[in-house]
1. Among 49, 283, 194, flag the residue with its Cα farthest along the positive direction of the charge dipole of the chain, charges on Cβ as +1 for Lys/Arg and -1 for Asp/Glu.
2. Summing +1 for each Lys or Arg and -1 for each Asp or Glu, what net charge is found among the other residues whose Cβ lies under 11 Å from the Cβ of residue 173?
3. Take every DSSP beta bridge with both residues inside the chain and express the antiparallel ones as a percent of the total, to the nearest 5.
4. Taking the mean number of other Cβ atoms within 10 Å as a proxy for protection, how do you rank 321-327, 286-292 from highest to lowest?
5. Work out the FRET efficiency for residue 45 and residue 313 from their Cβ-Cβ distance, taking R0 = 25 Å, and round it to the nearest 0.05.
6. Once you list every other residue whose beta carbon is under 11 Å from the beta carbon of residue 307, what net charge do they have if Lys and Arg are +1 and Asp and Glu are -1?
7. Quick one: Kirkwood hydrodynamic radius for the chain, alpha-carbon pairs, angstrom, one decimal?
8. Would you calculate, for the chain, the mean residue ellipticity at 222 nm contributed by helices, counting each DSSP H stretch of 4 or more residues as -39,500 (n - 2.57) and dividing by all residues, to the nearest 500?
Amino acid sequence: MAISAGSRVMITGGAGYIGAHTAKAVAEMGLVPVVYDSLSSGYREAVHWGPFFHGDIRDPLALREALTLHDVKAVIHFAGLIEVGRSVARPDLFWDHNVSGTTVLLTAMRERSVERLVFSSSAAVYGQDDVGSLAPIPEAAFKAPASPYGATKLAAEWLIEAQCRAYGLSAVALRYFNAAGADPSGLIGEAHDPETHLIPLAFNAALGGGRPLTVFGQDFGTPDGTCLRDYVHVQDLASAHLAALSVELPRGGFEAVNIGTGVGRSVLEVIEAVSRAVGRPVPYSIGDRRAGDPTSLVADPSRALALLGWSPKRSTLDLIVGDAFQWERSPRYGSGQRASRIKTSV
Ligand code: UFG
């Protein structure tokens, strides 16, 4: 479906990390991103490229109002909870936001005849166990989510697929591997509270603003013993959403597509890249494994190329880490902002 220039595209969760980068990419394509966000974890300061609507993804009235007010033609759906560890402690919350929230959105879209959806899914749907192979994972791989977070993403995919068939919606679910990096402008970047992701924590440790990094296990069956992940530059992720928005799909069509590079990098390789960027070592120690961490999560990205014509352009480890460094030394928002005034002087 071609979306004509100037059309409004709602981005739920558009004040969050990947959502804000996607809003920028949508605006650069000549479309208008309408950011719909509860600001429970997103940042108003990350919204620059279109109208903002404050609302919860589980609120049918607010969603209906936003879709109508802005005459939305398509939706890119990020809003939801993302912390894997918290999902183990509070699975009910994750099902409420990620699955019930998606149901509410789909109903509001149907009422407003909005027929195109791009859904933010995750490699967490695969949940490869820790004796699994190091081989890249194709979309058809066995699904056994290791966490309630992954289970809610898979359930939401099934829900969307069924509604595509039943009601004629067409949708693409993008299964991201490890989103990383920041927009080279320095305007937007990664800011989670609390931060649990490897690259920001490695910068915090190297820049002296945080604790030394703990490497979660060095006894995995990988070349250096640490986990392998497929790091994708957030700008490349954003461009995947645009490709997914405009790909030709039949009415009722649903596709799930991996978004990754096909290259696995170990935790120690990431630490070395951060050390190179900062020009000093990242202080770290080797700790125990973190519950639920698979040995290797690397995408087979061939379907993204075949279906969407998408391939990563900025996802080398050094470019990712270089852009993340620019953000980390001077973040515009998030809990790192105060510390940054100290960090920028180093
Ligand atoms: N790691 C450490 N120390 C840390 C933080 C992370 O060693 O302090 C390691 C992890 O064990 C893992 C790698 O660094 O091997 C990457 O960890 P992240 O927390 O940065 O990312 P994850 O791979 O755990 O999470 C990503 C996405 C999630 C998604 C998950 C699927 O961020 O949204 O993959 O498994 F659910």
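1. 49
2. After counting each charged neighbour, the total is -2.
3. Percent antiparallel among DSSP bridges in the chain is about 5.
4. So the peptides 321-327, 286-292, ranked by packing, come out 321-327, 286-292.
5. 0.40
6. Around residue 307, the surrounding residues sum to -2.
7. Final number for the Kirkwood radius of the chain is 20.2 Å.
8. Details: 11 runs with 119 residues, N = 346.
After summing the helix terms and dividing by residue count, I get -10500 deg cm²/dmol.
Coordinate-derived values only; no laboratory data. This structure is a prediction, so every number in the text was calculated from the model and none was measured. Note that each Cβ is placed from the backbone with ideal geometry, even for glycine, and that neighbours are counted across all protein chains shown.
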